[in-house]
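As structure tokens, the structure follows; a few thoughts come after it.
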Amino acid sequence: MSGSLPHSIAVANHTMTPPITPGHTQFDTRSDDDTSTADLNARNAKASSDLIVTISEEAKALAQRYDQLREEDRRIKEQDEKTAAELAQELEDEFADDNY
């Protein structure tokens, strides 16, 4: 095996590395306007506040939808109970008529 490269060296030579910009990572989402920590903190606080408002609005909408579904379910059950009672009464009346 003389002349062959170890596997780790061979793989390392065939992988590409992206160019790196000094001072920023590829995941850095800061803009160039955020030069101070205070500015960055203010932006993050605003974003967090907006997210909390959004989550609260979604929770309120879900709660309203849940209430609507619960009310609709209650109405359906009442209607089914009335229908079952009416059918039972009809059967009872029919049975009573057949016995006379």
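The values are calculated or read from the model by the stated rules, or taken from the named source; none is laboratory data. Remember, predicted model here, so these are calculated numbers, not experimental data. Note that we place each Cβ from the backbone using ideal geometry, even for glycine, and neighbour counts take in every protein chain shown.
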| task | Go through (1) touching a Lys or Arg at 6+ places or on another chain (Cβ under 8 Å); (2) modelled with pLDDT under 60 and name the single condition Phe27 misses. | result | (1)
| said: Between Asp34, Asp73, Asp50, Asp80, which is within 37 Å of the chain's Cα centre (by Cα) and at pLDDT below 60? | reply: Asp34
